[in-house]
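As structure tokens, the structure follows; a few thoughts come after it.
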Amino acid sequence: MAYVISDSCIACGACEPECPTEAISEGDPIYVIDPDKCIECGACANVCPVDAPVEE
Ligand code: SF4
Ligand code: SF4
């Protein structure tokens, strides 16, 4: 299980530098999480203004 970024993402970019494993990258149109790199720390969800990252 990994976190996934839902459609509510507004592509603000706040989560990307917070990820300890660099699992987050800018996608089109929303940011995406590489499930192979995500360690489920929750840091992205903590900084997201719209609660877009959710546990799958
Ligand atoms: Fe990165 Fe942690 Fe978010 Fe997974 S839960 S994408 S490891 S910040
Ligand atoms: Fe999208 Fe939230 Fe990340 Fe901003 S912090 S890019 S809204 S997932």
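The values are calculated or read from the model by the stated rules, or taken from the named source; none is laboratory data. From a predicted model like this one, the values you see are computed outputs, not experimental measurements. Every residue, glycine as well, gets a Cβ built from its backbone with ideal geometry; the counts of neighbours run over all protein chains shown.
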Quiz prompt | Pair list, Cβ under 7 Å, 6 or more apart: the range 1-30 residue at pLDDT 95 or above, other residue among the polar types (S, T, N, Q) and within 9 Å of ligand 2 (Cβ to nearest atom) | solution = none
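Here is a list: Val47, Val54. Which entry is under 10 Å from the mean Cα position of the chain (by Cα) and more than 9 Å from ligand 2 (Cβ to nearest atom)?
Answer to the check: Val54.
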Practice problem: Inspect the range 27-35 for any residue being in a helix (DSSP H, G or I), near ligand 2 (Cβ under 10 Å from one of its atoms), surrounded by 18 or more Cβ atoms within 10 Å (Cβ to Cβ) and within 10 Å of the chain's Cα centre (by Cα) and give the result as yes or no. | Solution: no
